[in-house]
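Undergrad: My questions all concern the structure below.
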Amino acid sequence: MGVTDPAGPVMDRDEVDRALARLGAEHEAIETSLLALQDHAGRRLLEGAELTGTTRERWTAADASITLLWAYFDAYTDALRSAREIRARRRWSSREDLVELTELLRGESVTVAGSATATANAPTLLSAAGRLSERFSLTGLVDRMNELYATSLDMVVTADAVWSALPARIDLLAAELQRTRKLAHSVGVRPGEHPAGDDLERITRTLTKLREDVVSDPLAFWVPAPGSSAPGGGRPDTTVYDREARALEEVRREIDAVLTVRQDAEARLIKLRDVLSRADRTLAEARTARGEVLAKIAATEVPVVSGPPTALQEQLATAAEYRRGAQWHRLSPLLESLEQKAEDELLRARESLTAVTAPLAVRAELRGRLDAYKAKVARHGLAEDPFLIERYDAARRMLWSAPCDLRVAEQAVLRYQHAAAEALGAPRVPQQSGPEDRRGE
């Protein structure tokens with residue numbers, strides 16, 4: 001919209017003609033802008049909507065401003081028509097005509113009568129509250145129309161921008177929410193039974209309320225651009241929408257995990273049974289080995305072997321029941337817990353077997369060492385040495401007798417090693433610690 005020149009002295013004919021041409025161009029521009037505002041989709045939506053909050057307050061003022069705009073424009077049109085009629089009286093305007101045209105074009109010659117309703121709804125637009133008419137120069141009138149047009153257009157464009165962006169996105173997210181709810185229901189994810197079901201209910205309530213608020217009060221969801229004076233400068237506030245979209249994505253991932261459980265539940269259950277069976281067999285082997293150790297090894301502390309993991313077997317049976325009943329939302333966390341516990345149980349069973357059979361391993365190591373020294377002695381032609389034979393037989397009787405005292409047997413093996421070393425001329429074998437300390441090393 002245009003801006004007129006400031007007032008000046010009595011205008012000559014050329015100045016009048018130029019002013020009328022400029023005012024005519026401004027008149028066309030103003031009319032075009034007002035008609036565009038009148039036909040703006042945002043304004044039509046505002047007229048038909050049930051508004052609340054900030055939007056209702058600002059639309060009441062903006063609607064009054066638009067009414068005043070048309071009143072100002074009509075007065076502007078009448079003044080321009082009067083000036084054109086005066087200029088058209090004569091080809092060469094007289095001084096009286098020029099004085100009248102100067103007053104009309106530059107003076108406060110335009111009186112605008114406003115309605116009481118419009119004046120009450122837009123009190124800041126008038127110089128004094130309660131005034132039903134105002135006087136303007138054409139320049140001042142254009143400035144006032146520019147001001148009203150900018151504020152009214154900003155309000156209309158802002159509301160239209162929010163309505164164009166958020167409701168459609170909310171509807172798309174709501175449609176995705178409905179699909180997710182159906183999928184969740186099919187795998188047993190329901191409110192009150194699974195946290196994801198409760199999340200879906202909360203997201204549904206939030207989106208419903210968000211859409212209602214956006215439709216009734218769009219300006220509450222607008223973030224103005226810092227330093228921008230252009231109409232509609234800013235962006236829609238999508239904070240709540242973005243938060244709920246992320247929450248729905250989290251729920252979808254959780255439901256996908258439940259679906260994955262449904263697809264590979266049987267394979268995972270079979271693997272679980274295998275792991276627990278291996279743990280059970282390992283514990284059974286450890287219990288058998290413990291009996292053998294107690295019978296064959298004397299003066300040795302043998303750890304107690306626990307029984308089979310009955311609690312895990314019961315949980316495995318529960319998991320199988322969940323699978324038969326298609327309770328995938330319950331099966332998913334139970335399987336994850338069972339898989340970790342089963343691996344821990346197998347590791348514990350293996351550690352128990354290792355601890356129980358340690359004395360047998362020590363005896364086997366001593367037997368191997370004894371036979372290795374005997375072979376070494378034989379390679380050097382000392383196999384028939386009576387002293388070495390005596391020491392060897394003593395150590396062998398201790399290692400192959402039951403129960404075997406490992407400490408005494410180890411000392412016998414060391415004595416044979418020392419004798420063999422002396423016979424072979426090798427350095428004496430140092431004393432070694434008992435079997436328990438050696439295992440610790």
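The values are calculated or read from the model by the stated rules, or taken from the named source; none is laboratory data. Keep in mind it's a predicted model, so treat the numbers as computed, not measured. Cβ atoms come from the backbone with ideal geometry, glycine included; neighbour counts cover every protein chain shown. SASA here: full protein model, heavy atoms, side chains in, ligands and nucleic acids out. Shrake-Rupley method; radii C 1.70, N 1.55, O 1.52, S 1.80 Å.
Undergrad: For segment 47-73, how many residues are under 17 Å from Val157 (Cβ atoms) and acidic (Asp, Glu)?
TA: Final tally of qualifying residues: 2.
Undergrad: Please name all residue pairs, on different chains or six or more residues apart, with Cβ atoms under 6 Å, provided the first residue is in segment 273-291 and is assigned to a helix (DSSP H, G or I) and the second residue is polar (S, T, N, Q) and at pLDDT below 85.
TA: Pairs that qualify, where the first residue is assigned to a helix (DSSP H, G or I) and the partner is polar (S, T, N, Q) and at pLDDT below 85, are Ala286/Ser352; Ala289/Thr357.
The rows are residues; the columns are (1) open to solvent by 40 Å² or more (accessible area, probe 1.4 Å); (2) more than 30 Å from Ala279 (Cα to Cα); (3) out of contact with any Cys (no Cβ under 6 Å at 6 or more places or on another chain); (4) at pLDDT 80 or above.
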residue	(1), (2), (3), (4)
Arg348	yes, no, yes, yes
Arg367	yes, yes, yes, yes
Asp371	yes, yes, yes, yes
Arg379	yes, yes, yes, yes
Phe387	yes, yes, yes, yes
Asp393	yes, yes, yes, yes
Ala409	no, yes, yes, yes
Leu414	no, yes, yes, yes
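Undergrad: Right, next: Just to be sure, is Arg363 within 30 Å of Ala284 (Cβ to Cβ), open to solvent by less than 40 Å² (accessible area, probe 1.4 Å) and basic (Lys, Arg)? Even if it seems obvious, please write down each step before you answer.
TA: Details: within 30 Å of Ala284 (Cβ to Cβ): yes; open to solvent by less than 40 Å² (accessible area, probe 1.4 Å): yes; basic (Lys, Arg): yes.
Here the answer is yes, as Arg363 does meet what is asked.
Undergrad: Then there is this: Does Val261 satisfy the criteria of being farther than 26 Å from Leu177 by Cα, part of a helix (DSSP H, G or I) and among the hydrophobic types (A, V, I, L, M, F, W, C)? Reasoning before the result, please.
TA: Working: farther than 26 Å from Leu177 by Cα: no; part of a helix (DSSP H, G or I): yes; among the hydrophobic types (A, V, I, L, M, F, W, C): yes.
For Val261, the condition - farther than 26 Å from Leu177 by Cα, part of a helix (DSSP H, G or I) and among the hydrophobic types (A, V, I, L, M, F, W, C) - is not met.
Undergrad: Kindly establish whether Ile270 is modelled with pLDDT under 90, closer than 30 Å to Ala319 by Cβ, crowded, with 19+ Cβ neighbours inside 10 Å and not small (Gly, Ala, Ser).
TA: So Ile270 fails the test.
Undergrad: Give just the number: which of (1) β-branched (Val, Ile, Thr); (2) touching a helix residue (DSSP H, G or I) at 6+ places or on another chain (Cβ under 9 Å); (3) open to solvent by 60 Å² or more (accessible area, probe 1.4 Å) does Thr32 not satisfy?
TA: Thr32 satisfies all of (1) β-branched (Val, Ile, Thr); (2) touching a helix residue (DSSP H, G or I) at 6+ places or on another chain (Cβ under 9 Å); (3) open to solvent by 60 Å² or more (accessible area, probe 1.4 Å) except (2).
Undergrad: Filter segment 169-188 for residues that are more than 21 Å from the chain's Cα centre (by Cα), of a type outside the set (D, E, K, R) and open to solvent by 40 Å² or more (accessible area, probe 1.4 Å); which is nearest to Ala79 (Cα to Cα)?
TA: Top of the filtered list is His185.
Undergrad: Shifting gears a bit: So, Asp63, is that one touching a residue at least 40 places away in the same chain (Cβ under 8 Å), closer than 17 Å to Arg144 by Cα and within 60 Å of the chain's Cα centre (by Cα) or not? Walk me through how you get there before you give the answer.
TA: Values: touching a residue at least 40 places away in the same chain (Cβ under 8 Å): yes; closer than 17 Å to Arg144 by Cα: yes; within 60 Å of the chain's Cα centre (by Cα): yes.
So Asp63 fits the description; yes.
Undergrad: Hey, can you tell me all the residues within segment 60-111 that are open to solvent by 50 Å² or more (accessible area, probe 1.4 Å) and in contact with a Lys or Arg (Cβ under 8 Å, 6 or more places away or on another chain)?
TA: Trp92, Glu108, Thr111 - these are the residues of segment 60-111 that are open to solvent by 50 Å² or more (accessible area, probe 1.4 Å) and in contact with a Lys or Arg (Cβ under 8 Å, 6 or more places away or on another chain).
Undergrad: Still on this model: Kindly indicate the residue of segment 239-267 that is within 18 Å of the chain's Cα centre (by Cα) and open to solvent by less than 20 Å² (accessible area, probe 1.4 Å) and also modelled with the lowest pLDDT among those meeting that condition. So that I can check it myself, show each step before the final result.
TA: Start the filter on segment 239-267 by keeping residues that are within 18 Å of the chain's Cα centre (by Cα), which leaves 239-257.
Now drop any that are not open to solvent by less than 20 Å² (accessible area, probe 1.4 Å), which leaves 244, 248, 251, 255.
Working: Glu244: 95, Leu248: 94, Val251: 91, Ile255: 85.
Out of the qualifying residues, it is Ile255.
Undergrad: For segment 36-59, give me each residue that is assigned to a helix (DSSP H, G or I) and open to solvent by less than 50 Å² (accessible area, probe 1.4 Å).
TA: Leu37, Ala41, Gly42, Arg43, Leu46, Gly53, Thr55, Trp59
Undergrad: For segment 81-107, which positions are among the basic types (Lys, Arg) and over 14 Å from Leu20 (Cα atoms)?
TA: Of everything in segment 81-107, those that are among the basic types (Lys, Arg) and over 14 Å from Leu20 (Cα atoms) turn out to be Arg89, Arg90, Arg91, Arg95.
Undergrad: Give the number of residues within segment 292-336 that are surrounded by 17 or more Cβ atoms within 10 Å (Cβ to Cβ), more than 43 Å from the chain's Cα centre (by Cα) and outside any loop (DSSP other than H, G, I, E, B).
TA: Total satisfying the criteria: 2.
Undergrad: Any residue in segment 95-113 that's farther than 15 Å from Val10 by Cα: show its pairings with residues that are among the basic types (Lys, Arg) at Cβ separation under 7 Å, as long as the two are six or more apart or on different chains.
TA: Listed pairs, sorted by first residue: Val110/Arg135; Thr111/Arg135.
Undergrad: Can you name the number of the only condition in (1) in contact (Cβ under 8 Å) with a residue 60 or more places away in the chain; (2) part of a helix (DSSP H, G or I); (3) open to solvent by less than 30 Å² (accessible area, probe 1.4 Å) that Trp163 fails?
TA: Evaluating Trp163 over (1) in contact (Cβ under 8 Å) with a residue 60 or more places away in the chain; (2) part of a helix (DSSP H, G or I); (3) open to solvent by less than 30 Å² (accessible area, probe 1.4 Å) leaves (3) as the failure.
Undergrad: Within segment 224-237, can one find any residue that is outside any helix (DSSP H, G or I), without any contact (Cβ under 8 Å) to a residue 12 or more places away in the chain and more than 30 Å from Asp213 (Cα to Cα)?
TA: no
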